[in-house]
Amino acid sequence: MANNENQPVGNGNGNAAGAQPSLSVLAQYVKDLSFESPGAPNSLRGRDKAPGININVNVNANPLSDTEFDVNLTLSAKAAFDKDVLFNVELVYGGVFKIEGFPQEHMLPLLFIECPRLLFPFARQIIADATRNGGFPPLMLDPIDFAQMFQQKIAEDQAAAKVQVS
């Protein structure tokens, strides 16, 4: 028997394929990109040890309609050697996602875990290219555990809510 993936498939509760959960990427874009090397060309010279690099990650999501959402992944990296800033790169990379058929309780994890996970490889490449084009070795960001970030944010929000109630 041939398996046709375009064929509607029931989900066991009488609903046809229209009720099947789906997550689609409608668009990806660079919302903001900044690269600064305030000490260039002196900051480009070789050093005996690696600079300290501070990396920050943030995720925001905004509804565009009932099924479409704008998710922004913000990455910033600042490299410094002693007190000298070698480079500072900031990127806001966005994606428009169409999300249909998921229960409401799955929406926040989809928006804050799955969507940024899909955006990250592209944002990582942009950061690597920007640092390389700035005269430095490409900064290859390590994979990010967006599930852990989301759980930490939920815990912080719950702790803040308890403080406000007290």
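Any read-out appearing in this document is the output of simple, stated calculations on the displayed coordinates, not a laboratory observation. On a predicted model such as this, the values are computed, not experimentally measured, just so you know. No Cβ is skipped: glycine too gets one built from the backbone with ideal geometry, and neighbour counts run over all protein chains shown.
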### Query
Cβ-Cβ below 6 Å, separation at least six or inter-chain, first residue in segment 37-64 and in contact (Cβ under 8 Å) with a residue 24 or more places away in the chain and more than 10 Å from LEU86 (Cα to Cα), second basic (Lys, Arg) and surrounded by 13 or more Cβ atoms within 10 Å (Cβ to Cβ): which pairs?
ASN54/LYS78
### Message
For the structure I just gave you, tell me whether LEU86 is outside any helix (DSSP H, G or I), under 24 Å from ASP157 (Cα atoms) and of a type outside the set (Gly, Ala, Ser).
### Response
no
### Message
Anything in segment 107-146 that is free of Cβ contacts under 8 Å to residues at least 40 places away in the same chain, more than 26 Å from GLY52 (Cα to Cα) and in contact with a helix residue (DSSP H, G or I) (Cβ under 9 Å, 6 or more places away or on another chain)? List them, or say none.
### Response
ILE113
### Within segment 66-86, considering residues that are buried (at least 19 other Cβ atoms within 10 Å of the Cβ) and not hydrophobic (A, V, I, L, M, F, W, C), the one nearest to LEU139 (Cα to Cα)
ASN72
### Query
Across segment 31-65, which residue is surrounded by the most Cβ atoms within 10 Å (Cβ to Cβ) among those that are out of contact with any strand residue (DSSP E or B) (no Cβ under 6 Å at 6 or more places or on another chain) and polar (S, T, N, Q)?
ASN42
## Note on the structure
How many residues of segment 90-146 are part of a strand (DSSP E or B) and not charged (D, E, K, R)? The answer is 8
